[in-house]
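What follows is a single structure, and I will ask about it in a moment.
The values are calculated or read from the model by the stated rules, or taken from the named source; none is laboratory data. Nothing here was measured: the structure is a model prediction, and the numbers come from that model. Neighbour counts are summed over all protein chains in view; Cβ atoms, including those assigned to glycine, are modelled from backbone coordinates with ideal geometry. Remember, those area values only see protein heavy atoms, side chains included, never the ligands or the DNA or RNA. Shrake-Rupley method; radii C 1.70, N 1.55, O 1.52, S 1.80 Å.
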Amino acid sequence: VPIGRMEGIALALGGNPGAGVGVDYRGYSVLAAWRYLPSFRWGLVVKIDTNEAFESVVRLRNYALGMLALTILFVLTLSFLVLRRIAKPLRQLTAGTLQIASGSLNHRLKLNGRDELGELADAFNSMTDQLQSTLVSRADLVEQIAARERVAQTIREVSARLASTSAE
């Protein structure tokens, strides 16, 4: 109930108890309650400045907002640190795989972790070892084939010479 300067007392004297917010004679916002006291035939009005009445609520709100701001700052800082901790090994892994893809099979990924990224780096290192042994085997095979072709060519040349000398 909005109360004016004298409305609260008028309502109390009229036997109507109640409460409300209004402006007092000083021009300040107040929280007021009134009641009629029949034994004295008085009207009683009790009031308190709203600033004073809600001071603890405002303080609690400001404290809660401050704690929220600190919590958000803490979470953002923690997120940034976790992101850096994850992003650095990912960048190392990416750079290493690009070197391996370019043909540098002697490159080894050095991630000293027992997490998924460490396991992935170990898998890449194992893969390059297998690729190296496969390529060495292939190179040996190509060399053996070339040597056999040279021997076969020599045999053909010798056979052709023998055939031409026996025909004469």
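For region 127-145, give me each residue that is of a type in the set (S, T, N, Q) and open to solvent by 80 Å² or more (accessible area, probe 1.4 Å).
If the condition is that a residue be of a type in the set (S, T, N, Q) and open to solvent by 80 Å² or more (accessible area, probe 1.4 Å), then Q130, T134, Q144 are the ones that fit.
Here is a further query. Do we have any residue at all in region 108-126 that's without any contact (Cβ under 8 Å) to a residue 12 or more places away in the chain, open to solvent by less than 80 Å² (accessible area, probe 1.4 Å) and more than 30 Å from L83 (Cβ to Cβ)?
No, every residue in region 108-126 fails to be without any contact (Cβ under 8 Å) to a residue 12 or more places away in the chain, open to solvent by less than 80 Å² (accessible area, probe 1.4 Å) and more than 30 Å from L83 (Cβ to Cβ).
Of the residues that sit in region 46-82 and are aliphatic (A, V, I, L, M) and not in a helix (DSSP H, G or I), which one is most open to solvent (accessible area, probe 1.4 Å)?
Per the stated criteria, the residue is V46.
Output the residues belonging to region 16-31 that are touching a Lys or Arg at 6+ places or on another chain (Cβ under 9 Å), in a loop (DSSP other than H, G, I, E, B) and modelled with pLDDT of 85 or more.
Correct list: P17 only.
A follow-up question, please. Determine whether region 83-94 contains at least one residue that is assigned to a helix (DSSP H, G or I) and at pLDDT 90 or above.
Yes, region 83-94 contains at least one residue that is assigned to a helix (DSSP H, G or I) and at pLDDT 90 or above.
When you go through (1) touching a helix residue (DSSP H, G or I) at 6+ places or on another chain (Cβ under 6 Å); (2) outside any helix (DSSP H, G or I) one by one for I100, which number turns out not to apply?
If we test I100 against (1) touching a helix residue (DSSP H, G or I) at 6+ places or on another chain (Cβ under 6 Å); (2) outside any helix (DSSP H, G or I), just (2) comes out false.
What number goes with the only condition from (1) modelled with pLDDT of 90 or more; (2) surrounded by fewer than 15 Cβ atoms within 10 Å (Cβ to Cβ) that R35 does not pass?
(2)
Yes or no: R148 open to solvent by 80 Å² or more (accessible area, probe 1.4 Å) and under 32 Å from the mean Cα position of the chain (by Cα)?
Considered against the rule, which asks whether it is open to solvent by 80 Å² or more (accessible area, probe 1.4 Å) and under 32 Å from the mean Cα position of the chain (by Cα), R148 comes out as no.
Can you list residue pairs whose Cβ atoms sit under 8 Å apart, with the first residue in region 131-148 being assigned to a helix (DSSP H, G or I) and the second being open to solvent by 90 Å² or more (accessible area, probe 1.4 Å) and of a type outside the set (D, E, K, R)? Count only pairs 6 or more apart in sequence or on different chains.
Listed pairs, sorted by first residue: Q132/N106.
Also: Name the residues in region 83-95 that are open to solvent by 80 Å² or more (accessible area, probe 1.4 Å) and among the hydrophobic types (A, V, I, L, M, F, W, C), would you?
Answer for region 83-95, where residues must be open to solvent by 80 Å² or more (accessible area, probe 1.4 Å) and among the hydrophobic types (A, V, I, L, M, F, W, C): L83, I86.
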